[in-house]
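Single-structure report; data block below.
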Amino acid sequence: MAEIKADTSYQHSLIAPRTDASNEKVRERRRVASLDIFRGLTVALMVLVDDAGGDWPSIGHAPWNGCNLADFVMPFFLFIVGMAIPLALKRVQDRPKAIRKVIFRTLKLLFWGLLLQGGYSHAPDKLTYGVDMRKIRWCGILQRIALAYLVVALMEILVKNEQDRDVPNNWFSVFKMYWCHWVFAACVILIYSVILYGLNVPDWHFTVNDPESLNYGKSYKVACGVRGKLDPPCNAAGYVDRTVLGINHMYIRPAWKRLKDCTLSSPHKGPLKNDAPAWCNAPFEPEGILSSISAIISTIIGLHFGHALIHFKSHSARLKHWISMGILLLILGIILHMTHAVPLNKQLYTFSYVCVTAGTAALVFSAFYILVDIWRQKFPFLPFEWIGMNAMLVYVMAAAGIFAGFINGWYYQDPHNTLVYWIQKHAFIGVWHSRRVGILLYVIFAEILFWSIVSGILHWFGIYWKL
């Protein structure tokens, strides 16, 4: 099990200048509350889109190209992980020890990722557990975070300058100091692009392994024989995952099933059309190998923002750097998408998607930094801060449905006499859609509030379960 204990090393800190009577700058250490709040907001956002995305497709994952609210969750997490790395590794005096800690934390994330998304815990309302190793899902959200964290943290440790020194407040100073990180990022983009656009994707076969599908057990053939395509059936990312992972180890209900080509209910979920293309029945891994390589860039960008936080000692210098870079990333990503050069696509984790989501993360974090760490308006955001301090706890219990499964496991006489079944029967069935959505949002709000209180109590006792 992942480690749960009082952890004083968890405190992210910044150094802010303060002028005393002799006009000398004294460095005041205090916690970067805005980073915890941003992390907590991202976890709460995950709970919202997971629970309400089915009713509001506009906030759920985009079926293919495009970027909805849910599509910001993963890159926000990666950005935050990247920002936290230089704060945790501000000085590296014992590299072997630091490397061991990074590897151990990576293994913990992989363990929880496989347990939660590998198929062991099937669903809270079914209360079935165990996984057929022939169909276990190897990839997932925590696995992607683990990979990005491992690569970026090791890079930071191996090239870290042990001296904590200030840099000039010009825009390019931090880029110059950590130029090797950006060379590595360029290599990652190059490798990703060469594979995505240069790899020939042959025809492929599959058998539907989703027990809930009407076509379960049927076999299909998908004709490709092309390279450089970014459409659902013939992209290189899917081909790499089918070849390396095996098609039976991929996600069986991808978002593309909500495309107009696949269902008349689009953009909602619905039964597949009778004349739907064969690939509509196929699995696809949204956290696959090639897209996870590209996702490392989101963490490197977050790492850069963490470097700016450490080396720039004034609020204005930090904000100028963050906001200007965020706007540039946003503009670049939008231009790439609008000109159809590189479409926004979360499932392929395209470069335009990296730019738009990282730029948005930069601006959202900057807003919290102004409100909380400069203007000291932290009180309204305390629930998010508490959740951010125990992000892994809320992710496992709320977003992954473990707590809901536990609650639903208790019944009286009839297995249908559970809390979840009662809510569905008395609140959702036989009422208008608008009222159902209202009740759903109320339940989601109550759930987020509940976990913020739990996290706040744990914070009171100095107990943290980090993501």
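So which residues in the range 46-64 are farther than 19 Å from Cys262 by Cα, surrounded by fewer than 20 Cβ atoms within 10 Å (Cβ to Cβ) and without any contact (Cβ under 8 Å) to a residue 40 or more places away in the chain?
Ile59
Could you say whether any residue in the range 328-336 is within 27 Å of Lys257 (Cβ to Cβ) and in contact (Cβ under 8 Å) with a residue 24 or more places away in the chain? Write out each step before concluding.
Taking the range 328-336 as the starting set, the residues that turn out to be within 27 Å of Lys257 (Cβ to Cβ) are 333, 336.
Filter once more, keeping what is in contact (Cβ under 8 Å) with a residue 24 or more places away in the chain: 333.
Yes - at least one qualifying residue is present in the range 328-336.
Tally the residues that are of a type in the set (D, E, K, R) and in a helix (DSSP H, G or I), restricting the search to the range 353-406.
Adding up the residues that qualify gives 2.
Listed here are the residues, each with its yes/no results for (1) buried (at least 18 other Cβ atoms within 10 Å of the Cβ); (2) small (Gly, Ala, Ser); (3) on the phi > 0 side of the Ramachandran plot.
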| residue | (1), (2), (3) |
| --- | --- |
| His340 | no, no, yes |
| Lys346 | yes, no, no |
| Ser352 | yes, yes, no |
| Cys355 | yes, no, no |
| Phe365 | yes, no, no |
| Asp373 | yes, no, no |
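Being within 22 Å of Val151 (Cβ to Cβ), in a helix (DSSP H, G or I) and over 23 Å from the mean Cα position of the chain (by Cα) narrows it down to one of Ile296, Ile310, Ile335, so name that one.
Being within 22 Å of Val151 (Cβ to Cβ), in a helix (DSSP H, G or I) and over 23 Å from the mean Cα position of the chain (by Cα) holds for just one of Ile296, Ile310, Ile335, which is Ile310.
Scan the range 281-288 and tell me whether some residue there is in a helix (DSSP H, G or I), on the phi < 0 side of the Ramachandran plot and of a type in the set (Phe, Trp, Tyr). Before the answer, list the steps.
Filtering the range 281-288 for residues in a helix (DSSP H, G or I) gives 281.
Imposing the further condition that a residue be on the phi < 0 side of the Ramachandran plot reduces the set to 281.
Keeping just the survivors that are of a type in the set (Phe, Trp, Tyr) gives none.
Within the range 281-288, not a single residue is in a helix (DSSP H, G or I), on the phi < 0 side of the Ramachandran plot and of a type in the set (Phe, Trp, Tyr).
Do the conditions hold for Arg95, that is, is it closer than 30 Å to Leu230 by Cα and more than 17 Å from the chain's Cα centre (by Cα)?
When the stated conditions are applied, Arg95 does not pass them.
State which residue is surrounded by the most Cβ atoms within 10 Å (Cβ to Cβ) when the search covers only the range 159-186 and only residues that are within 18 Å of Val81 (Cα to Cα) and modelled with pLDDT of 85 or more.
Going through the qualifying residues, I end up with Tyr178.
Can you give me the number of residues within the range 337-370 that are under 17 Å from Gly228 (Cα atoms), among the hydrophobic types (A, V, I, L, M, F, W, C) and without any contact (Cβ under 8 Å) to a residue 60 or more places away in the chain?
2
Can you go through Arg134, Arg242 and tell me which one is assigned to a helix (DSSP H, G or I) and among the basic types (Lys, Arg)?
When all the criteria are applied, what remains is Arg242.
Residue by residue, here is whether (1) among the aliphatic types (A, V, I, L, M); (2) farther than 24 Å from Met325 by Cβ; (3) not in a strand (DSSP E or B) holds:
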| residue | (1), (2), (3) |
| --- | --- |
| Ile189 | yes, no, yes |
| His205 | no, yes, no |
| Glu212 | no, yes, yes |
| Lys221 | no, yes, no |
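So how many residues does the range 214-244 have that are more than 24 Å from Gly60 (Cβ to Cβ), surrounded by fewer than 18 Cβ atoms within 10 Å (Cβ to Cβ) and not hydroxyl-bearing (Ser, Thr, Tyr)?
The number of residues fulfilling the criteria is 10.
Would you please list the contacts, defined by Cβ atoms under 8 Å and residues six or more apart or on different chains, that run from a residue in the range 442-454 that is touching a residue at least 40 places away in the same chain (Cβ under 8 Å) to a residue that is surrounded by 18 or more Cβ atoms within 10 Å (Cβ to Cβ) and not in a helix (DSSP H, G or I)?
Here the result reads Val454/Asn390, each pair linking the range 442-454 to a residue that is surrounded by 18 or more Cβ atoms within 10 Å (Cβ to Cβ) and not in a helix (DSSP H, G or I).
Is there any pair with a first residue in the range 246-259 that is within 13 Å of Pro233 (Cβ to Cβ) and a second that is modelled with pLDDT under 90 and charged (D, E, K, R) whose Cβ atoms are under 9 Å apart and which are 6 or more apart or on different chains, and what are they?
Lys257/Lys269
Limited to the range 211-228, what total is found for residues that are touching a residue at least 60 places away in the same chain (Cβ under 8 Å) and not hydrophobic (A, V, I, L, M, F, W, C)?
Adding up the residues that qualify gives 4.
The values are calculated or read from the model by the stated rules, or taken from the named source; none is laboratory data. Fair warning: this is a prediction, and the values are worked out from it, not measured in the lab. When we count neighbours, we look across all protein chains shown, and the Cβ atoms used for this are built from the backbone with ideal geometry, even at glycine.
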